[in-house]
Amino acid sequence: MLSREDFVFTIGYDGPLAVVDGRAKRQYGSLSTGQLAEKGLFRAAYSSAIWSEDRSELETVVALYNKASGSSLTADSNLERLFGVFPHKAERCIVL
C-alpha cells in the first residue's frame, strides 16, 4: 500500500504502479491537508483528505477552494472529476 505522501503526490499510473512527483513530495510532503490547501495545492490537499477519510478535512479543502475560486461547491460535489483524483489500489510507486 502507498504511503500518504506517495498517494498525495501521485500524478498518474503506469499499470499497477503509481507515478509520484518526487520534487513536490520532498517539498510539501510534511504539510497537513489544510496547509496544502492554504498554499493553493488543492489537488494534493484533496488527495490528503481522501487518504485520511476525515470529512472535516474534506470540508476544509472545499471551503478554501471556494474562497480562492469564488465557487460554491460542497463536500458532496463531484470533486473527483474536478481534481482528477480517483483512488486506485497501487501497491508500489515510481518516483520521478
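Descriptive notes on the structure:
- Residue within segment 24-39 that is basic (Lys, Arg) and touching a residue at least 24 places away in the same chain (Cβ under 8 Å) present: yes
- Selection status of THR60, touching a strand residue (DSSP E or B) at 6+ places or on another chain (Cβ under 8 Å) and either at pLDDT below 95 or of a type in the set (Val, Ile, Thr) (or both): no
- Looking only at segment 11-59, residues that are crowded, with 21+ Cβ neighbours inside 10 Å and of a type in the set (S, T, N, Q) come to 3 in all.
- Residue satisfying all of: in segment 40-51; in contact (Cβ under 8 Å) with a residue 24 or more places away in the chain and within 11 Å of the chain's Cα centre (by Cα); farthest from LEU73 (Cα to Cα) among these: TRP51
- Which listed residue, of ILE94, ILE50, is part of a strand (DSSP E or B) and either at pLDDT 95 or above or within 16 Å of LEU2 (Cβ to Cβ) (or both): ILE94
- VAL8 vs. criteria surrounded by fewer than 19 Cβ atoms within 10 Å (Cβ to Cβ) and in contact with a Phe, Trp or Tyr (Cβ under 8 Å, 6 or more places away or on another chain): no
- Selection from segment 60-96 of residues that are among the small types (Gly, Ala, Ser) and buried (at least 18 other Cβ atoms within 10 Å of the Cβ): ALA90
- Taking the numbered list (1) part of a helix (DSSP H, G or I); (2) within 12 Å of the chain's Cα centre (by Cα) in turn, ALA68 passes all entries but (2).
- Selection of segment 7-44 for residues being hydroxyl-bearing (Ser, Thr, Tyr) and touching a Leu at 6+ places or on another chain (Cβ under 8 Å) yields THR10, TYR28.
- Residue pairs meeting the criteria (Cβ under 6 Å; at least 6 apart or on separate chains; first free of Cβ contacts under 8 Å to residues at least 12 places away in the same chain, in segment 75-93; second part of a loop (DSSP other than H, G, I, E, B)): GLU80/PHE86
The values are calculated or read from the model by the stated rules, or taken from the named source; none is laboratory data. Since the model is a prediction, treat every value here as computed from it, not as a measurement. Because the Cβ atoms are built from the backbone with ideal geometry, glycine has one as well, and the counts that use them run over all protein chains shown.
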